[in-house]
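The values are calculated or read from the model by the stated rules, or taken from the named source; none is laboratory data. The structure presented is a predicted model; accordingly, all values stated were derived computationally and were not measured. We place every Cβ from the backbone using ideal geometry, glycine too, and count neighbours over all the protein chains shown.
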Amino acid sequence: MPITVRQNTLLEYLAQAGQPLTSEDLAAHLGVSPKTVRNDIRVLNHIGKGVIIDSKRGVGYFIADNSKTHIMTHQNEENFQYEVLKAVIDSPQVNLYELADKLFISDSALMTMVSNLNNVIAQADPSLQIRRVNNDLLISGTEGQRRHVFNLFLAQEIREKNLPLDKYASYFAFSDLRELYSLINTLHEQEHIKMNGFAAISFVLHISVLLERVHEGNYVYQKQTDLDHDRCREYAEALKRLLEKKFQIALPDQELAYIYHLYLGQFQTVEPVNQTKLDQVIHQVLTAIREAFYVDFSRDIDLASYLRNHMESLYQRAQTNHFLINPLTSDIKTQYPFIYNLSVFAAVLFQKKLKFQIPDDEIAYIALHFLASYDTIQSERTKNILLITPYGLGNQRLIQVKLNQIENFEINVKNTPTVKDAQRVIHQTRNVDLVLTAELIHVNLGVPIFNYHGLLSNEDVDGISRLLQEGEKTTHQLVMEKFMDPRLFFPGRNLTHPEAVIRFLCQKLADNGDVDANYVNLVLERERLSSTAYENNHAIPHAIQRVARNSAIAVCSLPRAIDWNGKKVRLVLLLALTAERNSDFEDLFGELVKVLDSTSFVNRLARVTEFETFIKLCKEKVAMP
């Protein structure tokens with residue numbers, strides 16, 4: 001029988017006192033009556049099978065056997081951890097200092113327990129962690145995911161300590177574990193359900209957690225339509241009836257799905273994804289990304305391997321509908337919107353090719369792989385140089401060798417025989433950083449021009465390097481400014497639902513000739529896949545693919561924030577982008593990250609009624625260091 005938190009505190013207080021204390025002294029420290037103190041001492045002596053705490057009339061109580069005291073308090077550590085975990089799971093958030101006071105421990109000891117719990121949880125699911133936010137402890141997730149965290153703690157103790165079921169009796173106030181075990185075991189014998197020792201105890205603990213949580217008014221929500229495994233559904237229905245009768249509790253229908261999935265985990269065999277097919281799909285996804293976003297992830301030779309391993313695990317999670325929670329989802333969407341939207345595009349293709357759904361949090365995990373790969377690629381920045389020279393192939397090869405001496409850039413040289421050819425390439429690709437020419441050019445090509453004479457000297461190479469570096473810092477017209485139009489600026493519109501805002505702005509884009517009538521359906525499809533609302537009171541809806549006739553941004557502000565899939569939104573920028581081969585999509589999201597990085601500035605933009613003022617504020621924000 002484990003000792004309680006109060007009894008543990010009583011033992012530690014007496015041990016630290018070093019002198020006898022009266023029941024009144026102990027009662028004042030514990031915040032209980034002297035009678036409760038005397039009862040606790042009798043219980044402790046009974047558990048210790050001897051005199052742990054002795055007394056002397058007229059003097060008080062004192063520790064009689066320090067060795068047993070140490071053993072009892074050490075064995076009670078997991079009970080403290082249980083109390084901590086239960087407190088965090090039972091409330092949206094719990095004050096760290098109040099919980100420490102309740103448990104009669106220091107705040108540092110409490111944080112050590114939280115760290116230990118997180119280590120246990122991380123071994124099975126690193127995304128489920130107890131977090132400290134200011135002075136509060138909290139854990140994100142649905143009721144089903146909270147139960148999952150609780151069961152991770154219990155399961156870890158079973159594995160590591162080979163503990164009997166009686167060990168957990170004090171954890172549950174509503175159900176008697178022995179009665180519950182007998183009830184479930186009888187059903188399983190009748191139905192010839194075989195479980196090993198660990199699986200049987202784990203199953204009983206899951207059901208006990210269910211009863212405890214339902215008794216406290218906490219329910220999971222899983223669809224009845226998912227119960228397509230006949231045998232598991234029949235077992236779940238039979239156990240639900242027995243539990244309701246035995247414990248006189250009404251289990252809502254949605255709890256049937258929870259029990260069903262417990263059985264499904266015991267009997268369902270997950271077929272691994274076909275390796276050859278997965279490799280083909282990954283190649284197709286990376287190719288499609290290169291064509292749609294002009295980012296060549298094949299340059300990162302490790303990415304395909306990382307994606308293969310990740311998608312194998314995700315495929316198996318999808319088969320049992322046990323997806324991970326990602327605590328970084330909101331941060332990834334807010335700080336790296338270009339990569340996140342690229343990952344949404346990839347997720348759509350994975351879903352179509354592999355035939356399973358990928359939720360928002362799992363998309364964010366895919367985004368982490370693309371983000372790491374993108375950083376790798378960006379560390380080897382490519383500069384495209386057009387070379388106009390009359391000196392032949394030998395001179396061209398020598399120039400390439402010389403340009404390769406430039407640090408920090410990968411130089412890609414394309415030869416064009418005439419200025420007219422250079423103009424054509426620049427217009428078609430819009431991806432030329434410099435024109436290197438041996439002849440004078442009297443027309444404006446729209447990109448920097450560097451003149452050299454005969455052989456390219458070291459001084460020339462230094463000059464080209466400086467020019468490329470300056471090009472990195474050059475401030476061009478904002479992509480936002482290029483794509484915004486006073487005719488697509490709608491301040492203070494009284495719209496109260498996300499779909500109404502999307503339909504309104506898409507219609508305005510269609511009226512302006514920028515998109516066709518079906519564009520609204522593409523935007524709504526993207527919204528269903530993953531919300532485009534962000535933390536700082538704004539949303540950026542758009543289609544998955546770039547299919548607009550003209551690139552444009554329609555802006556709508558709202559007098560009051562509306563609910564947008566759980567986020568408050570006052571400012572909406574609906575994007576329409578063409579398939580033109582350039583970096584506008586990436587550059588645009590880079591600008592939006594800077595402009596929309598704070599709630600106060602977003603609210604300021606939402607109050608602006610003049611288009612020119614709106615653009616001016618955006619430009620000033622982007623220009624800030």
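Here is a yes/no grid of residues against (1) touching a Phe, Trp or Tyr at 6+ places or on another chain (Cβ under 9 Å); (2) small (G, A, S); (3) over 24 Å from A364 (Cβ atoms):
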| residue | (1), (2), (3) |
| --- | --- |
| T532 | yes, no, no |
| P541 | no, no, no |
| L573 | no, no, no |
| T578 | no, no, yes |
| E586 | yes, no, no |
| D597 | no, no, no |
| S600 | no, yes, yes |
| L605 | yes, no, yes |
| K619 | no, no, yes |
Among V547, V572, which is the only one that is without any contact (Cβ under 8 Å) to a residue 60 or more places away in the chain, in the same structural domain as L488 (by TED's automatic domain parsing) and within 22 Å of N521 (Cβ to Cβ)? V547
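Yes/no matrix, rows are residues, columns are (1) surrounded by fewer than 17 Cβ atoms within 10 Å (Cβ to Cβ); (2) basic (K, R); (3) in contact with a Leu (Cβ under 7 Å, 6 or more places away or on another chain):
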site	(1), (2), (3)
L468	no, no, yes
R487	yes, yes, no
G492	yes, no, no
V501	no, no, yes
E535	yes, no, no
Out of the residues in segment 323-336 that are closer than 30 Å to L262 by Cβ and free of Cβ contacts under 8 Å to residues at least 40 places away in the same chain, which is surrounded by the most Cβ atoms within 10 Å (Cβ to Cβ)? T329
In segment 505-516, is there at least one residue being within 24 Å of the chain's Cα centre (by Cα) and of a type outside the set (G, A, S)? no
Which pairs have Cβ atoms under 9 Å, sit 6 or more apart or on different chains, and link a residue in segment 279-302 that is under 19 Å from D375 (Cα atoms) to one that is among the acidic types (D, E)? L286/D296; I289/D296; R290/D296; F293/E586; Y294/E586; V295/E586; R299/E380
Tabulated pairs, segment 521-541, first in the same structural domain as I366 (by TED's automatic domain parsing), second surrounded by 19 or more Cβ atoms within 10 Å (Cβ to Cβ) and outside any loop (DSSP other than H, G, I, E, B), C-beta under 7 angstrom, 6+ apart or interchain: none
Any idea which of I411, I358, I388, I339 is surrounded by 15 or more Cβ atoms within 10 Å (Cβ to Cβ), touching a residue at least 40 places away in the same chain (Cβ under 8 Å) and out of contact with any Pro (no Cβ under 8 Å at 6 or more places or on another chain)? I358
Answer from L251, L243 - the residue that is outside the structural domain of A367 (by TED's automatic domain parsing), of a type in the set (A, V, I, L, M, F, W, C) and part of a loop (DSSP other than H, G, I, E, B): L251
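Matching residues to (1) in contact with a strand residue (DSSP E or B) (Cβ under 8 Å, 6 or more places away or on another chain); (2) in a loop (DSSP other than H, G, I, E, B); (3) of a type outside the set (D, E, K, R):
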position: D597; (1), (2), (3): no, yes, no
position: S600; (1), (2), (3): no, no, yes
position: R604; (1), (2), (3): no, no, no
position: K616; (1), (2), (3): no, no, no
Of all residues making up segment 391-403, the number that are modelled with pLDDT under 80 and either under 27 Å from I301 (Cα atoms) or loosely packed, with under 12 Cβ neighbours inside 10 Å (or both): 3
Please determine, by comparing only the residues of segment 517-555 that are assigned to a helix (DSSP H, G or I) and under 22 Å from S330 (Cα atoms), which one is nearest to the chain's Cα centre (by Cα). L529
Based on this model, can you work out whether T599 counts as in contact (Cβ under 8 Å) with a residue 12 or more places away in the chain and closer than 22 Å to M624 by Cα? yes
Kindly list the number of the only condition in (1) part of a helix (DSSP H, G or I); (2) modelled with pLDDT of 85 or more; (3) not small (G, A, S) that fails for Q357. (1)
For segment 414-449, which residues satisfy the criterion of being at pLDDT 85 or above, hydrophobic (A, V, I, L, M, F, W, C) and closer than 24 Å to D587 by Cβ? L434, V435, I449
By residue number, the members of segment 303-339 that are assigned to a loop (DSSP other than H, G, I, E, B) and under 17 Å from S373 (Cβ atoms) are L328, Y336
Out of everything in segment 162-202 that is at pLDDT 75 or above and among the polar types (S, T, N, Q), what residue ends up being nearest to the chain's Cα centre (by Cα)? S175
Hits in segment 453-466 (condition: touching a strand residue (DSSP E or B) at 6+ places or on another chain (Cβ under 7 Å) and touching a residue at least 24 places away in the same chain (Cβ under 8 Å)): I464
Mind counting the residues in segment 587-613 that are charged (D, E, K, R) and in contact with a Leu (Cβ under 9 Å, 6 or more places away or on another chain)? 3
Exception for S557 within (1) within 15 Å of P491 (Cα to Cα); (2) surrounded by fewer than 16 Cβ atoms within 10 Å (Cβ to Cβ); (3) among the hydroxyl-bearing types (S, T, Y) falls at (2)
